[in-house]
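Since the structure comes first, as structure tokens, the remarks are kept for the end.
The values are calculated or read from the model by the stated rules, or taken from the named source; none is laboratory data. Bear in mind the structure is a predicted one, so any value in this text is a computation, not a measurement. Cβ atoms come from the backbone with ideal geometry, glycine included; neighbour counts cover every protein chain shown.
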4 protein chains.
Amino acid sequence: MRKVEQIFQGAVDIFAEKGFDRATMDEVAERSGVAKGTLYYHFDGKEDLIAFLMEEGLERLSKYVHEAVAGCDDPAEQLRRAIYGLVRFFDQNRDFCQMLLMGVWFNRERQVQFRQILRNFYSQLAAIIQAGMERGQLRPMPAELSATGLFGLISVISLRVILDGDAMDCEQLGNFIFQQYLNGARICGEKETSL
Amino acid sequence: MRKVEQIFQGAVDIFAEKGFDRATMDEVAERSGVAKGTLYYHFDGKEDLIAFLMEEGLERLSKYVHEAVAGCDDPAEQLRRAIYGLVRFFDQNRDFCQMLLMGVWFNRERQVQFRQILRNFYSQLAAIIQAGMERGQLRPMPAELSATGLFGLISVISLRVILDGDAMDCEQLGNFIFQQYLNGARICGEKETSL
Amino acid sequence: MRKVEQIFQGAVDIFAEKGFDRATMDEVAERSGVAKGTLYYHFDGKEDLIAFLMEEGLERLSKYVHEAVAGCDDPAEQLRRAIYGLVRFFDQNRDFCQMLLMGVWFNRERQVQFRQILRNFYSQLAAIIQAGMERGQLRPMPAELSATGLFGLISVISLRVILDGDAMDCEQLGNFIFQQYLNGARICGEKETSL
Amino acid sequence: MRKVEQIFQGAVDIFAEKGFDRATMDEVAERSGVAKGTLYYHFDGKEDLIAFLMEEGLERLSKYVHEAVAGCDDPAEQLRRAIYGLVRFFDQNRDFCQMLLMGVWFNRERQVQFRQILRNFYSQLAAIIQAGMERGQLRPMPAELSATGLFGLISVISLRVILDGDAMDCEQLGNFIFQQYLNGARICGEKETSL
DNA sequence: GATGAATGAGGTTTCATTCAT
DNA sequence: GATGAATGAAACCTCATTCAT
């Protein structure tokens, strides 16, 4: 499966650069260092390749976050680690993340499949949030919705940094997002119900 | 031009459904109820049409938020109105918003153009946040970054609701997002520095 | 529909020469004197084009035979005229007929469609044979089966002549086939039941 | 070779189903139950495989008819046996016969080769017909042409029955064809020159 | 003898764009 | 202003063949 890994790398690379539709299979092959026929030997076609990348990539992301969180019992700390982990993963896999985030918004043709995959990932976050509420650390709220919002917060900020080509200070960015998500923008001591 | 408005509606509709690259000019023409030649009579080509849609649409969005915020002097209240306005706009212009969010992260060729347009919009939010900090309502933080995060929060949640095809309760969703952004997920009274 | 007629001629020409599968759409376009895109503007694809040729061609053949037979009330004479007409049509439309006969034997994928078209043609012959039996000119026998056999007789002989590149003497060949079909190979006066 | 026989069976099967050009070597391998490389180990390529099938198959056909006719001295009876034998062979080797008949009329590249093979077979029939004429059993006529017509009669009827998927009553069908060929369609006692 | 991953020439099809009407 | 038949560059995909194992 040497070639499959080559294809994974090359495809992620070119898809992030040009988008799923504008990158051609010729380009994928060239970037991967395999012949065009090899792509079709291992995958049923372009759509199948894209689906594989999304699944494989999100699996890696899930695993990464899972490991970051593992061995910690406190939901709030888990949340912190998950956020830091995500930011680091985004930083280290810029191409994949850019590709992933392009997939998120996908059109109705491809949406069903991708959003299902993504939903599995949301659930990971939602489970932590749920636990936080049960421990009395987080306010009662719809955990799925909050997880979705958290993912939006992280990904849009990270993608902006990626697209601007900045070298991301993961520590700083992770902290900012964590504070933003947990404590909000309100100033300390301001009454919550003030508005 | 009667036809131009027809094209705007039809193009937004089909682009939201299939994406910029997968929707063909034939489909745009058919959905718009005009002949294909007519598209080229009014626009220089596909890219020109897309640029027109983005500019025109973002102008409408900016104007919508601007009017929602107008006549209010309190930054926190402005923020609330901006968020509610955005959610309502998403709800009322689902096709356009889906198209917008797909377009923003698109391939690097179109990115520069679109992200510049979007950045103008971020600035609107950032200005409000900046004012909030100066009034002592919001914590000191990078306003641009926070505005970006807020936009991610709003758009990812809204898009999820749109794609799920749910009838969105704007009031409720707007409130959730506003609370999330302003107060965070932490439970009332929990010490900020507890983690 | 100038171009469609051009395509009909060119496609029949090249398909007869190289076969349906080995003739490329490029070659069809070139032989027809139209651009490749034009083929796809008028037809949904190669299969659709082939189906059109078969239908259109068999319709012309049916019409030709119909006219040859028209204005004659005697079944035996109709049969004679039909056979002579078929032979003449084969002679004058060698390309189409070669293509047609290739289609007859087609594989199971394409067979259903083609054989239905061909069956319509068999019925024309069967109707004449049926009438001949009712008039007491022909022996009682399954008309459809006999029509199928007659078609086989005519087409295989004609195709052999075509493929050999012989200039066909229609008069002579028509007479041979007519005698063969009507009187058989047995010598005059030989007892039928002798074997 | 065990494998070669496997390939013969599998190849005939898939070629009859999809045609020579549309059946792929992958499909041949799969249907045969051997690896693709094995095909190329035993044959020089696709064309070589097809040529082998045709030669091998026609040899079997010739032999089958030869044996059916053997030990009989009367041309008319030989003809009857040849026809019955052919019908039975068609019935028992449907796939091969369908493949054979498709191949014969194929593109001009392969035509020359195949038609030469087929012509050898025609000669078998023509020899019998010739003998029949010399014995005074059959009318004087071009033997080759009549053999070609007889082959058309048999094959088109048989193929129709095969393709319709009917269980063929060989006895009945053989008799019908024999009568048709020998006595023609004309009613008993009708004057030959009546038309 | 037998295998199947890998190849790339060449096929089918798509679609943005043009232009005569 | 508006149209849609026509175009061809460029995309996706197929498949006979090779070759290291």
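Kindly evaluate C:Phe90 against the criterion of being within 16 Å of DNA strand E (Cβ to nearest atom) and surrounded by 21 or more Cβ atoms within 10 Å (Cβ to Cβ). It is false that C:Phe90 is within 16 Å of DNA strand E (Cβ to nearest atom) and surrounded by 21 or more Cβ atoms within 10 Å (Cβ to Cβ). Of all residues in segment A:2-29, those that are closer than 25 Å to B:Phe20 by Cα and over 23 Å from the mean Cα position of the chain (by Cα) total 5.
One line per residue, one yes/no per condition, for (1) touching a strand residue (DSSP E or B) at 6+ places or on another chain (Cβ under 7 Å); (2) not in a helix (DSSP H, G or I):
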{"position": "A:Ala126", "(1), (2)": "no, no"}
{"position": "A:Gly136", "(1), (2)": "no, yes"}
{"position": "A:Met141", "(1), (2)": "no, yes"}
{"position": "A:Ser155", "(1), (2)": "no, no"}
{"position": "A:Leu182", "(1), (2)": "yes, no"}
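In segment A:48-67, which residues are within 16 Å of DNA strand E (Cβ to nearest atom) and either assigned by the TED database to the domain that holds A:Phe96 or surrounded by 15 or more Cβ atoms within 10 Å (Cβ to Cβ) (or both)? If the condition is that a residue be within 16 Å of DNA strand E (Cβ to nearest atom) and either assigned by the TED database to the domain that holds A:Phe96 or surrounded by 15 or more Cβ atoms within 10 Å (Cβ to Cβ) (or both), then A:Leu49, A:Ile50, A:Phe52 are the ones that fit.
Here segment C:37-73 is the region considered, the condition is being among the acidic types (Asp, Glu) and touching a residue at least 40 places away in the same chain (Cβ under 8 Å), and the residue that is farthest from DNA strand F (Cβ to nearest atom) is C:Glu55. The number of residues in segment A:115-142 that are more than 10 Å from chain B (Cβ to nearest Cβ) and in contact with a helix residue (DSSP H, G or I) (Cβ under 9 Å, 6 or more places away or on another chain) comes to 12.
May I ask you to verify whether B:Gly149 is modelled with pLDDT of 90 or more, at the interface with chain A (Cβ under 8 Å from one of its Cβ atoms) and more than 17 Å from B:Tyr84 (Cβ to Cβ)?
yes
Given the conditions (1) modelled with pLDDT of 90 or more; (2) away from every other protein chain (no Cβ under 12 Å); (3) away from DNA strand F (no atom under 16 Å from the Cβ), which single one is not true for C:Phe15? Unmet for C:Phe15, out of (1) modelled with pLDDT of 90 or more; (2) away from every other protein chain (no Cβ under 12 Å); (3) away from DNA strand F (no atom under 16 Å from the Cβ): (2).
Of the residues making up segment A:18-36, those that are among the small types (Gly, Ala, Ser) and either away from DNA strand F (no atom under 12 Å from the Cβ) or modelled with pLDDT of 90 or more (or both) are A:Ala23, A:Ala29, A:Ser32, A:Gly33, A:Ala35.
With respect to the stated conditions, A:Ala82 fails to be away from DNA strand F (no atom under 11 Å from the Cβ), part of a helix (DSSP H, G or I) and under 28 Å from B:Gly19 (Cα atoms). Consider B:Phe121 carefully, then state whether it is among the aromatic types (Phe, Trp, Tyr), under 18 Å from the mean Cα position of the chain (by Cα), assigned to a loop (DSSP other than H, G, I, E, B) and at pLDDT below 85. When the stated conditions are applied, B:Phe121 does not pass them.
Select from segment C:157-171 the residues that are in a helix (DSSP H, G or I) and more than 10 Å from chain D (Cβ to nearest Cβ) and list them in ascending order.
First, pick out the residues of segment C:157-171 that are in a helix (DSSP H, G or I): C:157-163, C:170-171.
Passing the criteria: C:Ile162, C:Cys170, C:Glu171.
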